[in-house]
Amino acid sequence: MACSLEMKRLIDAVLDEEATAEEQQKLKTHMHDCRHCRQHYNQLVQSINLLKGLEQPNVSEHFTASVLSVVPIREKGQTLKR
Amino acid sequence: MESKIKRLIKKIKKGDQAAFEEIVNLYKNQVYNICYRMVGLPHEAEDLAQETFLRAYTHIDQFKSDKTFSTWLYRIATNLSIDYLRKKRPSTYLDADIPGTEGFTMYMHVPSDERLPEDRLIENEKQKIIHYEINQLPPKYRSVIVLKYLQDLSLKEISNILNLPETTVKTRVHRAREALRKRLRHF
């Protein structure tokens, strides 16, 4: 965990991309001296990067055909109830 | 893009199947990925994705054209996935916890018969571990992580999809991020 609630709030603000330039500088200065917060912040950044690096697998090729085979045929202007 | 979608929806409301096919092709991978990361299992995810489109089609008259279609569609997908997780009986999945091996999954011990270059293998294992760790999160955290970091959606969009205030979504993102940090820190 971050060493104080204030630093936790700053870290969240930076990761949410909502921190002001002043807040960013404040966190940066603090992390320069605080190994604890630096490690915490780096681990959070790493987790986010791992998430963003996840592959997005494609659905199987027959998916569209299989959806179309189960949708009820709809007459013009008719409301569907299932 | 949005005006194209609006035109397609109008056609679907009039009973145009070809327009529906186009919508399925446009969104199928995103919908599938939301379901896949939510429920963790490829076949179940595909069934849920299919059910999502079926519901969208049969309830298309309820979709208000001043809203964003993807938000509406992703809401159906997320709700179906959460329902699935709620109903699912606990059973032994291939990726179930093995006592004493927290963070490891069974399929890591199943030898692969494909011959892969070593770095590809390592990348595969990495992807599996991250996927596994996402699936260890409670569904309410899983959904925000999937929508924010995998689908790259804004807090506002996520709040519309989940029907929650933006402040709640934000708090959940923070907690989910922290929970995942603990799980992934030894990477």
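Every number here is computed from the coordinates shown, using simple stated rules; none is lab data. These numbers come from a predicted model, not from an experiment. Here Cβ is always computed from backbone atoms with ideal geometry, including for glycine, and neighbour counts include all displayed protein chains.
Taking the Cα centre of each part, how many Å lie between the range A:41-66 and the range B:24-66? First find each Cα centre; the distance between them is then 16 Å.
Mean per-residue shielding of peptide B:174-184 is 5, counting Cβ atoms of other chains within 10 Å of each Cβ.
Neighbouring Cβ atoms from other chains, within 10 Å of the Cβ of residues in A:40-46, number 4 on average. With the cut-off at 25 Å, tell me which of the pairs B:13/B:170; B:13/B:67; B:14/B:67; B:67/B:148 have Cα atoms farther apart than that. From the list (B:13/B:170; B:13/B:67; B:14/B:67; B:67/B:148), the Cα-Cα distance tops 25 Å for B:13/B:170.
For residue B:88, the aspartates and glutamates whose Cα comes closer than 20 Å to its Cα, not counting residues fewer than 8 places off in the same chain, are B:44, B:46, B:47, B:51, B:97, B:133. Shape analysis of the range B:1-88 yields a ratio of the Cα radius of gyration to the Kirkwood radius, Rg/Rh, of 0.98.
Normalised by 2.2 N^0.38 Å, where N is the number of residues, the alpha-carbon radius of gyration of the protein assembly as shown equals 1.15. Given contacts defined as C-alpha pairs under 8 Å and at least six residues apart, what's the relative contact order of chain B, whole-number percent? It comes to 20 percent, rounded to a whole number. Grouping the Cα pair distances of chain B into 5 Å bins from zero gives a pair-distance distribution of 1, 7, 15, 17, 17, 15, 11, 8, 5, 3, 1, 0 percent in increasing distance order. Only helical runs count toward this figure. For chain B, summing -39,500 (n - 2.57) over DSSP H runs of n ≥ 4 and dividing by all residues gives -21500 deg cm²/dmol at 222 nm. A cut-off under 10 angstrom between Cβ atoms defines the neighbours of residue B:158, and their net charge, with Lys, Arg +1 and Asp, Glu -1, is +2. For the residues of A:64-70, the average number of beta carbons from a partner chain within 10 Å of their own beta carbon is 6. The Cβ shell under 12 Å around residue B:28 holds other residues with a net charge of -4, Lys and Arg each +1, Asp and Glu each -1.
From the square roots a ≥ b ≥ c of the eigenvalues of the alpha-carbon gyration tensor of the range A:5-54, which class results: rounded (a/c under 1.5), prolate (a/b over b/c), or oblate? In terms of gyration-tensor shape, oblate.
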